[in-house]
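A short worksheet on the structure shown next.
The values are calculated or read from the model by the stated rules, or taken from the named source; none is laboratory data. The structure presented is a predicted model; accordingly, all values stated were derived computationally and were not measured. Cβ placement follows ideal geometry from the backbone for every residue including glycine, while neighbour counts extend to all protein chains displayed. Only protein heavy atoms, including side chains, enter the accessible area calculation; ligands, DNA and RNA are left aside. Shrake-Rupley method; radii C 1.70, N 1.55, O 1.52, S 1.80 Å.
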Amino acid sequence: MMQVKEIDPRTLTREQKIGMVLCANLNHGWEDVLHAAEMVKNHSLGAIWIQPQSKYREEAIRLIRETADYPILIMTDAERGIEPYLIPDVLAIAAAGGAREDYARSFGRITATVLSGMGYNAVGNPLLDTGEEQRLPCGGNTRTFGSDINKVIRMGRAVAQGIHEAGLLTVAKHYPGVGGEKPYDSHMREGCSVLTEEEVRSRLIAYATLAKEGLIDGVMAGHHKFPAIDEHPASLSRKILSILRDLGFDGFYITDALNMMGVVLKYGVNPPNGLCIGAGNSLALSWGVPSKQAYAALKEGYEQGLYTDEDLDSSVAHVLAAQEKTLKYRDIHPKILPEDEKNVAALNTECIEARCAEGLTPAIDANARHLFVIMTDGKVSLDTGDEYTPGPRDWYFPQKIADRVRELFPNSDVYPLPQFPSPCDNMVLLDRQVKYDDLVFITFYQSAAYSGRECLTSRVMELMDALQTTDRIVAHLHFGNPYVATDAPYVKRILLGLSSYPCIMGALDILHGDAPACGKMPFNLPFHKKGDDLF
């Protein structure tokens with residue numbers, strides 16, 4: 001590996017500076033990696049972004065590090081941590097065990113430790129979005145520590161401290177993340193918030209506090225628009241980016257992915273690259289295009305006057321400062337601590353909340369004849385065999401759930417219910433359920449980009465509502481966005497978990513009476529009351 005030292009900005013040409021404000025997404029094949037390496041050799045690339053699961057990740061990071069004689073930023077997302085230390089969602093940190101700061105710090109430390117060993121020096125964490133008391137798309141209710149700003153500060157601080165202790169830079173997201181949102185997925189269209197500038201300033205306490213404490217090195221700007229402040233979305237708005245600067249933030253700004261429809265539909269594919277630098281971002285995060293094309297878009301933006309030499313020099317200065325900051329961590333060689341492993345594992349099971357009618361416990365009679373209705377991605381077999389289909393992102397496994405149900409409740413049976421059940425699916429289930437004492441519904445929702453509003457399908461709700469006319473459902477277990485569970489009719493026993501396989505297994509243990517439910521979701525969830533008309 002070459003000797004690494006900071007770059008003197010006075011030695012850079014304009015073309016090199018334009019490359020320095022590019023964060024190239026290296027998930028486009030080996031040829032793109034080789035091109036990025038040539039840019040690095042020429043001091044013409046500020047940062048790379050490559051996902052841990054990328055096919056070429058190990059080879060790409062090795063090549064970039066071997067090529068770079070300056071401390072190029074090597075970044076990724078790890079909102080849920082990193083294998084083998086994943087947590088269900090960031091919400092788990094706020095929901096588990098009374099929101100323990102030692103759990104949050106362990107999460108940050110172990111995530112950064114693993115990423116450091118993989119060659120990264122910056123990570124997209126902590127998440128400082130303040131959750132709204134409303135349903136939001138794209139994981140808006142699970143990618144947050146909740147609506148309590150003090151809790152967001154406490155948990156965000158602890159995560160950031162853990163990341164720094166393991167030697168990585170922090171990139172807080174998704175600025176300004178302060179609420180007032182309409183339920184739009186900015187991957188699909190321009191997001192929107194109704195807040196005024198005064199309201200935004202008053203709600204940026206988490207970002208401002210952690211910035212003053214030196215715990216935020218970078219900030220990712222989201223694509224939500226604030227019409228009361230500017231016609232442009234936050235990522236392309238100098239007015240909105242300046243607010244946090246005024247509050248003391250002196251780190252680097254990086255945009256969210258620039259291929260999202262929140263900017264592309266209005267501005268096109270190439271212009272956002274230049275517009276974001278003109279607005280005050282330090283790095284343009286290319287996505288969906290190779291590094292050569294992303295660089296060409298930035299150069300085109302300069303030639304079209306979308307940003308000036310003054311804008312470029314300011315952005316380059318912030319990028320070089322961040323690169324230089326990584327050097328102070330280069331002698332840190334973190335090790336995975338047993339305490340951190342234990343704490344992160346606890347986040348998967350201690351986040352489960354039970355909501356029961358008065359006088360009931362979360363457990364049901366293990367010897368009774370229950371019919372467990374297990375929602376699936378599609379019509380799949382719940383028996384061992386070739387027909388088995390895994391769930392979303394390999395955390396929701398209908399077959400494994402069925403196996404565990406049969407083990408814990410030997411007198412019960414299982415039934416697979418597709419997210420969009422057909423009339424035949426409903427008929428078979430309704431006919432079969434009369435042979436059992438009651439039913440247990442297990443549902444999930446996988447938060448994802450480009451999915452829009454998050455909810456149970458009307459077909460599933462209709463079926464549950466039909467069964468609840470005679471209180472046939474004894475328990476409802478839901479995993480993922482907790483707001484989705486509020487679509488369902490009143491059930492006297494609800495267990496709310498999040499998106500991980502250990503969380504599902506933990507909830508089944510609670511239902512069997514083998515473990516307590518320790519979690520508390522940080523939202524006032526509007527569940528239906530007994531007798532409510534669902535439609």
Which pairs do you get when a residue that is farther than 19 Å from residue 257 by Cα, found in the range 190-202, comes within reach of a residue that is part of a helix (DSSP H, G or I), reach meaning Cβ atoms under 7 angstrom, with the pair 6+ apart or on two chains?
200/243; 201/243
Condition broken by residue 188, with the remaining ones in (1) farther than 26 Å from residue 100 by Cα; (2) in a strand (DSSP E or B) satisfied
(2)
Taking the range 11-35, which residues are under 22 Å from residue 77 (Cα atoms), in a loop (DSSP other than H, G, I, E, B) and open to solvent by 10 Å² or more (accessible area, probe 1.4 Å)?
27, 28, 29
Take the residues in the range 263-312 that are among the polar types (S, T, N, Q) and either touching a strand residue (DSSP E or B) at 6+ places or on another chain (Cβ under 8 Å) or without any contact (Cβ under 8 Å) to a residue 24 or more places away in the chain (or both); name whichever of them is farthest from residue 218 (Cα to Cα).
293
If you take the residues in the range 123-168 that are in a strand (DSSP E or B) and out of contact with any Phe, Trp or Tyr (no Cβ under 8 Å at 6 or more places or on another chain), which one is nearest to residue 527 (Cα to Cα)?
124
Answer yes if at least one residue in the range 202-212 is surrounded by fewer than 17 Cβ atoms within 10 Å (Cβ to Cβ) and either within 19 Å of the chain's Cα centre (by Cα) or closer than 30 Å to residue 337 by Cα (or both), and no otherwise.
yes
Within the range 82-113, track down each residue that is open to solvent by 10 Å² or more (accessible area, probe 1.4 Å), within 18 Å of the chain's Cα centre (by Cα) and of a type outside the set (Ser, Thr, Tyr).
82, 83, 84, 86, 89, 105, 109
Within the range 34-79, the count of residues that are over 23 Å from residue 282 (Cβ atoms), without any contact (Cβ under 8 Å) to a residue 60 or more places away in the chain and not aromatic (Phe, Trp, Tyr) comes to 7
Qualifying positions in the range 490-504 - farther than 18 Å from residue 343 by Cβ and open to solvent by 10 Å² or more (accessible area, probe 1.4 Å):
490, 492, 493, 494, 501
Among residues of the range 415-427 being more than 17 Å from residue 478 (Cβ to Cβ) and hydrophobic (A, V, I, L, M, F, W, C), the residue least open to solvent (accessible area, probe 1.4 Å) is 424
Which members of the range 269-289 meet the condition of being modelled with pLDDT of 95 or more and not hydrophobic (A, V, I, L, M, F, W, C)?
270, 271, 272, 273, 274, 278, 280, 281, 282
Only one of these is surrounded by 24 or more Cβ atoms within 10 Å (Cβ to Cβ), touching a residue at least 40 places away in the same chain (Cβ under 8 Å), at negative phi and outside any loop (DSSP other than H, G, I, E, B): 178, 219. Name it.
219
Go through the residues of the range 405-414 one by one and say whether even a single one is in contact with a Ser or Thr (Cβ under 8 Å, 6 or more places away or on another chain), charged (D, E, K, R) and either at pLDDT below 95 or on the phi < 0 side of the Ramachandran plot (or both).
yes
Can you tell me which residue is nearest to residue 480 (Cα to Cα) among those in the range 47-79 that are modelled with pLDDT under 95 and out of contact with any strand residue (DSSP E or B) (no Cβ under 8 Å at 6 or more places or on another chain)?
53
In the list 119, 162, which residue meets the criterion of being modelled with pLDDT of 95 or more, surrounded by 20 or more Cβ atoms within 10 Å (Cβ to Cβ) and small (Gly, Ala, Ser)?
162
Give just the number: which of (1) more than 27 Å from the chain's Cα centre (by Cα); (2) among the hydrophobic types (A, V, I, L, M, F, W, C); (3) open to solvent by less than 50 Å² (accessible area, probe 1.4 Å); (4) at pLDDT below 95 does residue 474 not satisfy?
(4)
Tell me, please, whether a residue that is closer than 23 Å to residue 429 by Cβ, modelled with pLDDT of 95 or more and surrounded by 22 or more Cβ atoms within 10 Å (Cβ to Cβ) can be found in the range 512-525.
no
When only residues in the range 36-58 that are assigned to a loop (DSSP other than H, G, I, E, B) and in contact with a helix residue (DSSP H, G or I) (Cβ under 6 Å, 6 or more places away or on another chain) count, which is most open to solvent (accessible area, probe 1.4 Å)?
56
Go through the residues of the range 457-468 one by one and say whether even a single one is under 27 Å from the mean Cα position of the chain (by Cα), more than 16 Å from residue 361 (Cα to Cα), open to solvent by less than 20 Å² (accessible area, probe 1.4 Å) and polar (S, T, N, Q).
no
